[in-house]
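Coordinate-derived values only; no laboratory data. In this text, all values refer to a predicted model and were calculated from it rather than measured experimentally. Positions of Cβ are generated from backbone atoms using ideal geometry, with glycine treated the same way; all protein chains shown enter the neighbour counts.
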Amino acid sequence: MFKIENLTRIYNTGNTQVKALDGVSIDIDTADIFGIIGMSGAGKSTLLRCMGMLDRPDEGSIEIDGVDVLSVTPRQLIEVRKQIGTVFQGYNLLMQKTVAKNIAFPLELSNTPKEDIHKRVTELLELVGLSDKAQSYPSQLSGGQKQRVAIARALAVNPKVLLCDEPTSALDPLTTRSILSLLKEINQKYSVTIVIITHEIGVVRSICNKVAVIDNSVVVEQGETKAVFESPR
Ligand code: ADP
Ligand code: ADP
């Protein structure tokens with residue numbers, strides 16, 4: 001579903017250059033929960049931003065279901081963006097809006113009829129287990145609950161893939177487990193491809209069937225999680 005080839009991204013700041021990605025290639029299938037693991041500064045967020053069409057690589061190609069998304073027209077780009085849901089680090093919720101309004105927001109932006117919005121928001125609140133929090137504000141929620149709202153909002157327009165940037169790094173172990181099982185449910189029940197950026201091996205081991213290890217702007221290993229993290233002897 002995602003075919004990434006030879007991505008290179010160079011940041012120019014003043015007279016210094018940082019090569020945040022250097023020839024990164026990754027293959028992700030529809031059914032995957034794909035982990036991208038690496039240390040801080042390795043290039044993970046840059047890669048995720050390029051995959052989410054929020055940043056543009058200097059070189060390389062990105063295909064989604066066979067479509068070369070780096071060379072589509074602006075009109076097609078709007079459609080491509082709808083196929084990609086993003087869960088940002090730090091949630092990015094709108095603090096002045098209720099939980100229901102936060103989830104409804106992308107639907108309002110895409111001019112969805114009011115009745116359809118209500119129906120979809122009801123479904124999503126149920127999916128993430130926050131039906132009783134529809135009228136609460138983000139400041140009244142725990143970290144795990146905020147993450148559930150962010151996930152529901154990212155799913156609102158029915159994306160094919162959900163990109164998650166460190167979805168559990170701010171959460172305690174128990175909450176981490178519940179968020180990971182929610183992501184697994186979304187992958188299995190709704191056939192949404194999941195990509196998770198993390199620096200925690202435990203996250204990859206617990207739900208990712210495949211993993212790419214990124215170190216110093218380069219993919220150093222990639223494959224089935226079992227093969228990558230349990231070296232045969
Ligand atoms: P990670 O998500 O793995 O921590 P990043 O993709 O955030 O890594 O960063 C990769 C490298 O690119 C780092 O050296 C970082 O300092 C640099 N970098 C990231 N964003 C920018 C930016 N906007 N401008 C300049 N350098 C950046
Ligand atoms: P508004 O004042 O604009 O109705 P709300 O926060 O009540 O603000 O609702 C925002 C959106 O979320 C609306 O589209 C509404 O249909 C939907 N919504 C509100 N509450 C619920 C709920 N409990 N279940 C499902 N959808 C809801």
Check your understanding: For the charge dipole of the chain, defined by +1 on Lys and Arg C-beta atoms and -1 on Asp and Glu C-beta atoms about the Cα centroid, which residue among Ser169, Gln76, Tyr91 has the Cα displaced farthest towards the positive pole?
Key -> Tyr91
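How do Ile197, Ile207 line up, fewest other C-beta atoms within 10 Å first? Intermediate values should be presented prior to the final figure.
Numbers: Ile197 25, Ile207 19.
Fewest-to-most ranking of Ile197, Ile207: Ile207, Ile197.
Taking every DSSP beta bridge that has both residues in the chain, what percent is antiparallel when rounded to the nearest 5? Display every interim value, and only then the final one.
On the way: 23 of 41 bridges.
If we restrict to bridges inside the chain, about 55 percent are antiparallel.
Fewest to most neighbouring Cβ within 10 Å: what's the order for Lys114, Lys101? Before the final figure, lay out each step's value.
On the way: Lys114 10, Lys101 16.
Final ranking by Cβ density, sparse to dense: Lys114, Lys101.
With n ≥ 4 as the cut-off for DSSP H runs, can you work out [θ] at 222 nm for the chain, using -39500 (n - 2.57) per run divided by the number of residues, rounded to the nearest 500? Present the calculation step by step, with values, prior to reporting the outcome.
Details: 8 runs with 85 residues, N = 233.
Helices in the chain give a 222 nm mean residue ellipticity of -11000 deg cm²/dmol.
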Study note, to complete from the structure: Expected sort for Asp165, Asp65, Asp132 with the fewest Cβ neighbours (10 Å cutoff) up front is Asp132, Asp65, Asp165
